[in-house]
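In what follows, a structure is listed as structure tokens, so that the remarks can point back to it.
No value in this document is a laboratory result; all are computed from the given coordinates. Predicted model only: the values in this text are computed from it and were never measured. Here the Cβ is made from the backbone with ideal geometry for all residues, glycine too, and neighbour counts use every protein chain on show.
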Amino acid sequence: MMLFIPFFIFSQKDTTTFEEVTIKGNHFKANQHSTLSQEDIQQLAPHDLGTLLQYVNGVTIKNYGGIGGMKTLSHRGLGGEHTQLVIDGVPINDPQNGQNNLGNIQPNNLEEVKVSHQNENSLVPVSSLIKGSSIHLRTFDQQFSPNLLSVRSSITLGSFGQQEAFVALKNGGQKTFLSLTGGLRSYKGNYPYRLSYGNETKEVLRRNNALNDYYLSIGGGFKWHNHKAHHVLKVSAKTSAVDQELPGAVIFYNDMAQETLKTQNTNTGINYSLISKNFSLKAFGQYAHRFLHYHDPTFLNQEGFIDNRYTTNSIIGGVHTRYRLNNFIFHVGNDLGYDMLLSSRDLGNPTRYTNTAMLKTKYQMKYFSAEVSVFAQSFLDRNNIQSHRNDYHKFHPQLAVFTSDQLFENLQLFAWYKPSSRAPSFNELYYSQVGNKTLTPEESSQVDVGFKYFKKINKFEFSVNGNIFKNEVRNKILALPTQNLFVWSIQNIGKVDVFGSDIHIATQYKINNDWSINLQTGMSYQKVVDISNSNSPTYKHQIAYTPALTGNATISANYKNIGLHATGLYIGERYSLNENILSNRLDPYMTFDVSANYAIKLKTKHTLKLHAGIKNIGNASYNFIRYYVMPGRNYFIKLSYEFN
Amino acid sequence: MNSIKYIIIALIVLTSCKKDKTEPLTEGGYSNGILVLNEGLFQLNNSTLSWVNLSTQDVTTDLFLSVNNRPLGDTGNDMLLYGGKIYITVTGSSTVEVIDRNTLKSIKQISFNYNNQAQEPRNVVSHKGKVFVSSFDGYVSAIDTTSLQITKRIKVGRNPEGLCVSNNSLYVANSGGLDYGNVDTTVFEINLNTLMVVDTFVVGDNPGAVIADNYNNIYVVKRGDHGANPSELVRINTSDKSVVNLGIPATSFTMVDNQLYISHYNYTTSSSSVAVYDCASQAMINSSFISNQDISTLYGITPFKSDQFICFDAMNYTNSGYLRFFNLSGQLTNSINVGLNPNSIIHYE
């Protein structure tokens, strides 16, 4: 189903260092995150956020094509709706689709990406804490800088007509910043792919796959302090537009798709933080406007085309406070959101209030810390085409236990339990014929036991992180054909059992002042099986498009100003339908990317960087989703200029 | 997933129409078996042919691919044997595959593209050296079975589906199913000499399958709106031009000796039923021919040999389907697992 595009908001992060010093004390430094740093992001040179997140352990990206192709996320067997995207501290939602198209979030201004599974002390929106997991993005646009002027800019050229330009300017100072960021992307997308016809292989060009987009953002911030309290205020306004062709799945003998999709997102937000020794508070507010225009000029209805327009307006605001008393840390928070959808289709005029309230207590002992929290989730839906809809209220307790450095040096053990609900999206509820107004929220629960180990010996750093998890999804919302093959409907019938584990190893070896080597590798195994109905042919079969085994590895070597990088990604076998039979099976695949960069210090603080690489160097012919073909070997070159 | 286009579509039932009699077998590689067309699912290019060996009960899958070294394509909706050739309408791929009955080798792949737009062929029927194919773009195409060229495109109603021949007329059900909320309601009569539309019958919302008896009647499934307006059997009398809704729940049917075997799948209750209706007396003979327990998702019925019926079991449309064999008393005698969404067979003696 089509997804829409979110866009960037604002936030705070520069105070985090301060928070961590204040809060963590002698407790273990490692957070429950998988983090990609700015360096990691630059080395991977991803087209978009979806491509980037493939390198985060436990995240499966459902990939519907190259640049511009829809990318959605599944984390530890839970659908993308169970993951909250947070950009610069503000949650980004798409109430119409329930999840964001990660293919339309460009990565040029990203400074950090982290995937968080578990509750933490930082003052993030509580709506991201209730979700199964959350992705936090930090952008250049919303960070304070002591420099009068900072510049980030780049030009990228790549295969299949990829052209990108990006420029970000920031005026910083001791108390304020003002940023202006803009970017353009253009892509022809006419990549060749191989179709295997029995014993024969045919090379075909992908068509109707072009994309043009732009975005623009302005941000500003002001900070001050008095009486041991720091105050930070940030504002932002952003707009973006994506104009793309939709190639769809490759259909044999019928390469005539002409569908197009236009999206426009505009939003504006404000974010305030107060941080003092014992009491901290963060509040945010955001208004988001999304417009989507789908057009199919060849549809065989009376008019001869489909032309649908959708407008979503969302307002969200929240407060999260933290109070420290001796060995206790108390958190209280609440997020309230309102969404409404208008469209040219007969979806009615759906609205929703979403409220998430949280009470949390953390108790720190010498060897352990324990967290107990209670969340209350409410979804209040209304639509003029539905006379009555039950409100949904649910309490979810969460528990977590961690060991401290005092118990094991360099090793942390932890365990947590986390239940959550996700509301059906407006499309799932109301989309004509397909939608089902009687849907109830899908409920998940996660149990995780894991460890982190960190060791530094002279110039050698080594960290390992491992987890075993047992998840469950009840009332899973599934689209199924009902009356016949063509009339699908969304139903609350599924139950899914997830059992798996993942391990991630990172090492860094700084040989001398000139040489350093980084190596990281991760593997994830997940058994995600359908346990809806023991009489079904798919009982205990792995659910569709959920590879049991995935893995990735990245190695980079740096010598002075030169960096060499290689990455590999493995996606195990998966099935296009829930029935695990040969005709539904998709082969595993592996892709490798290599790249090199060279940095020139022009003058003090001026850096010119050249980065060139080859993606899918083995020219693997692959698709994650059946017949959504992916590009073969392709090239890119990126020239960046940075000041400060 | 990008199938918004298709999700919207409100239609399609297996159409079993009055086709020219199954021809006697000639010598060939395929005998004593059943050729099955599996429709597959939209956008998965997984429409296939299966071969059921009746002596061993073995099933060979993906036969079209292994014989022709290329796949059949996306959504094979109907299959007809005529003049030693098999015609398969492949809706998603927008092709009609013409294959040799004995070797299953492709003789011609007829592209159903018009002005670079997919026409989406749906059903096929034969008459006097021609086959007629309905396509979603609102046409019935006449194909010469010797040259395999489209000789005429006849403009009909919206999104035509079921076809049948009776008394030198071709009847076409215009579904209009791609206009949800504003479907078509008509059956057109085309004179087979002039290939002109000569009459129109209003039968109710979203007509699908059509079939003729020997008493100048045409039976139509009007599928309604899948809600308050149910899927029912409508009778057109071609002599006095009357149209009567018989009020019998129906999704598809087959005709044997002027007895109409009407299959119905009620998706609300997930129950499958077959009713037997006598066309001579216009009376219901048996309203529950088979037991609901024997079938998961009834997708159509077809006669097999002289004393059996095969019901297509679509297994919720997403799991590999079954041929369910029933005897004349409606008892299940055999089940054979075939491909995804089986919808038509050809019996090789």
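Limiting things to C-alpha atoms, what are the Rg and the maximum Cα-Cα separation (Dmax) for chain A, in angstroms?
24.1, 77
On a full-extension model of 0.36 nm per residue, what is the gain between A:Thr201 and A:Phe330, subtracting their alpha-carbon distance, rounded to one decimal in nm?
40.2 nm
Restricting to lysine pairs 8 or more places apart or on different chains, what number in the stretch A:478-615 have Cα atoms under 14 Å apart? Could you put the intermediate results ahead of the total?
Working: A:Lys495/A:Lys527; A:Lys495/A:Lys540; A:Lys510/A:Lys560; A:Lys527/A:Lys540; A:Lys560/A:Lys601; A:Lys560/A:Lys609; A:Lys601/A:Lys609.
So the count works out to 7.
At R0 = 51 Å, how high is the FRET efficiency between A:Lys455 and A:Ser344 if r is their beta carbon distance? Nearest 0.05 is fine. Don't skip to the answer; put the middle values down first.
Working: r = 60 Å, r/R0 = 1.17.
Here the calculated transfer efficiency is 0.30.
Can you list residues from other chains, or at least 5 along the same chain, whose modelled amide H is less than 5 Å from the amide H of B:Val338?
Residues meeting the criterion, in which the H sits 1.01 Å from N, are B:Gly321, B:Tyr322, B:Leu323.
Hey, could you pull the Cα Rg and Dmax for the stretch B:192-261, both in Å?
Using the Cα atoms of the stretch B:192-261, the pair Rg, Dmax is 12.6, 40 Å.
Grab the beta carbon distance between A:Asn644 and A:Asn212, set R0 = 30 Å, and tell me the FRET efficiency rounded to 0.05.
According to the calculation, E is roughly 0.45.
Residues with amide H under 5 Å of A:Val250's amide H, sequence separation 5 or more or different chain, H placed in the peptide plane at 1.01 Å from N; which?
Hits under the 5 Å cutoff: A:Tyr628, A:Val629.
Between B:Ser135, B:Ser66, B:Ser306, where does the largest GNM mean-square fluctuation fall for chain B, given springs only between Cα atoms within less than 10 Å?
B:Ser306
Give, as a single signed number, the net charge of other residues whose beta carbon lies under 12 Å from the beta carbon of A:Asp339, with Lys and Arg counted +1 and Asp and Glu -1.
Neighbour charge sum, excluding A:Asp339 itself: +1.
Kindly provide the Kirkwood hydrodynamic radius of the stretch A:474-537 in Å, to one decimal, from all pairs of distinct alpha carbon atoms.
One over the average 1/r among Cα pairs gives 16.0 Å for the stretch A:474-537.
Taking beta carbons within 10 Å but only from partner chains, what does the mean come to for residues A:294-303?
The mean count of partner-chain Cβ atoms within 10 Å per residue comes to 6.
So for the pair A:Thr266, A:Leu413, with labels modelled 7 Å out along Cα→Cβ, what separation do we get in nm?
Once both label points are built, they end up 5.6 nm from each other.
What residues have an amide H closer than 5 Å to that of A:Thr546, excluding those fewer than 5 places away on the same chain, when H is modeled at 1.01 Å from N in the peptide plane?
So A:Thr546 has HN proximity to A:Tyr575.
Using the alpha carbon gyration tensor of chain B, what are the three equivalent-ellipsoid semi-axes (square root of 5 times each eigenvalue), largest first, in whole Å?
Working through the eigenvalues yields semi-axes of 26, 25, 20 Å.
Under a crude label model (7 Å from the Cα following the beta-carbon direction), how far is A:Thr438 from B:Leu246 in nanometres?
3.1
For a Förster distance of 35 Å, can you work out the FRET efficiency between the beta-carbons of B:Leu332 and B:Asp225, rounded to the nearest 0.05? Provide the component values of the computation, followed by the final result.
Details: r = 32 Å, r/R0 = 0.93.
Efficiency, from the Cβ-Cβ distance: 0.60.
Evaluated at 10 °C with a viscosity of 1.306 mPa s, what Stokes-Einstein diffusion coefficient in µm²/s does the stretch A:37-169 have when Rh comes from the Kirkwood expression over alpha-carbon pairs?
101
Apply the Karplus curve 6.51 cos²θ - 1.76 cosθ + 1.60, θ = phi - 60°, to the phi angles in the stretch B:169-184 and return the couplings in whole Hz, x for Gly and Pro.
Running phi through 6.51 cos²θ - 1.76 cosθ + 1.60 with θ = phi - 60° gives 10, 10, 9, 10, 8, 9, 7, x, x, 7, 10, 4, x, 8, 6, 7 Hz.
Just to check I understand the Karplus step: with θ = phi - 60° and J = 6.51 cos²θ - 1.76 cosθ + 1.60, what whole-Hz values come out for the stretch B:205-215, glycine and proline as x?
Each residue's phi maps through the Karplus curve to give 5, 6, x, x, 7, 9, 7, 10, 10, 8, 10 Hz.
If you plug each phi of the stretch A:79-95 into the Karplus form 6.51 cos²θ - 1.76 cosθ + 1.60 with θ = phi - 60°, what whole-Hz ³J(HN,Hα) values come out, in order, with x for Gly and Pro?
x, x, 5, 8, 10, 9, 8, 10, 10, 6, x, 10, x, 10, 10, 10, x
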